[in-house]
């Protein structure tokens, strides 16, 4: 599906640079390369968007594809230099929270619940509608690229797994320009709060949105082990605190399954 004729005017009003491409392998890879080559040309909240990403990447180096025109991929540049190093673990969660609210706003009037699954997946009625990947730009400690893939026009037959969903699959239309603009605005507000010493507000806001907190979970950890227990809270750095009997463990990375 081609780039919309109207472009993305709402997004352009809240982002200093909006670059739209017909197709690409990975918006994150493109933006990381662009920022490395020309940092000044990609200021804070600049973004790249496409409706045809051919080799998207997720956590644990997973790759995924979607039929052209059925999803949007957007990667945003985050200048993290004003965020204290100890709080930068909140950046991916802030992106997830901002997208959760943006998707929820699109679905106002529709039945269903939009929630954040730790650390930054967006769920609608328990189905994943958006995944997010944040990665630091090599050679700098202060620039992060946050990529998001949102299932928009994907039919149920096109969904890659039974645990996924899309706007089309639930009978909803997606205003892509409004979605991205709301997402960038929400992300900016949370980052400003982190930079301004209001991390407790960010912590509280994200914890309230997070459907994982208060649930029994199974977490597949990067070392190949599995942790099962109850997710009780997020700690001061955004890690998921899981209690399993007398064991209390703060998880910084892992694949979470909500146990029904």
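Which numbered condition trips up residue 212, out of (1) crowded, with 20+ Cβ neighbours inside 10 Å; (2) in contact with a helix residue (DSSP H, G or I) (Cβ under 7 Å, 6 or more places away or on another chain)?
Against the list (1) crowded, with 20+ Cβ neighbours inside 10 Å; (2) in contact with a helix residue (DSSP H, G or I) (Cβ under 7 Å, 6 or more places away or on another chain), residue 212 comes up short only on (2).
In this structure, is residue 114 closer than 24 Å to residue 239 by Cβ, touching a helix residue (DSSP H, G or I) at 6+ places or on another chain (Cβ under 6 Å) and free of Cβ contacts under 8 Å to residues at least 24 places away in the same chain?
yes
Looking at (1) more than 26 Å from residue 127 (Cα to Cα); (2) out of contact with any helix residue (DSSP H, G or I) (no Cβ under 9 Å at 6 or more places or on another chain), which is the only condition residue 195 fails?
All conditions are met except number (2).
Go through the stretch 237-257 and report how many residues are touching a strand residue (DSSP E or B) at 6+ places or on another chain (Cβ under 6 Å) and part of a strand (DSSP E or B).
Total satisfying the criteria: 11.
Tell me which residues, restricted to the stretch 154-163, are within 15 Å of residue 73 (Cβ to Cβ) and either buried (at least 20 other Cβ atoms within 10 Å of the Cβ) or without any contact (Cβ under 8 Å) to a residue 40 or more places away in the chain (or both).
The one that is within 15 Å of residue 73 (Cβ to Cβ) and either buried (at least 20 other Cβ atoms within 10 Å of the Cβ) or without any contact (Cβ under 8 Å) to a residue 40 or more places away in the chain (or both): 154.
Collect the residues in the stretch 198-236 that are farther than 26 Å from residue 126 by Cβ and either assigned by TED's automatic domain parsing to the domain that holds residue 117 or in contact with a strand residue (DSSP E or B) (Cβ under 8 Å, 6 or more places away or on another chain) (or both), keeping them in residue-number order.
Result: 198, 199, 200, 201.
Tally time: how many residues in the stretch 36-56 are touching a residue at least 60 places away in the same chain (Cβ under 8 Å) and either surrounded by fewer than 14 Cβ atoms within 10 Å (Cβ to Cβ) or within 14 Å of residue 136 (Cα to Cα) (or both)?
Adding up the residues that qualify gives 2.
Is the stretch 236-253 home to any residue that is closer than 25 Å to residue 102 by Cβ and over 18 Å from the mean Cα position of the chain (by Cα)?
No.
Among the candidates 142, 182, single out the residue that is in contact (Cβ under 8 Å) with a residue 24 or more places away in the chain, more than 21 Å from residue 52 (Cβ to Cβ) and buried (at least 19 other Cβ atoms within 10 Å of the Cβ).
None of the other options fit; the residue is 182.
Quick one: residue 221 ticks every box in (1) surrounded by 14 or more Cβ atoms within 10 Å (Cβ to Cβ); (2) within 17 Å of residue 93 (Cα to Cα) bar one, so which box is it?
(2)
Can you give me the ranges of the strands (runs of 3 or more DSSP E) entirely in the stretch 121-187 with at least 1 residues that are over 23 Å from residue 240 (Cα atoms) and in contact with a strand residue (DSSP E or B) (Cβ under 7 Å, 6 or more places away or on another chain)?
Here the list reads 143-151.
Looking at the stretch 10-35, which of the residues that are in contact with a strand residue (DSSP E or B) (Cβ under 9 Å, 6 or more places away or on another chain), touching a residue at least 40 places away in the same chain (Cβ under 8 Å) and assigned to a helix (DSSP H, G or I) is surrounded by the fewest Cβ atoms within 10 Å (Cβ to Cβ)?
My answer is 30.
The values are calculated or read from the model by the stated rules, or taken from the named source; none is laboratory data. Note that the coordinates shown come from a computational prediction; the quantities given were computed from them, not determined experimentally. Cβ sites come from the backbone with ideal geometry, for glycine too, and all protein chains shown count toward neighbours.
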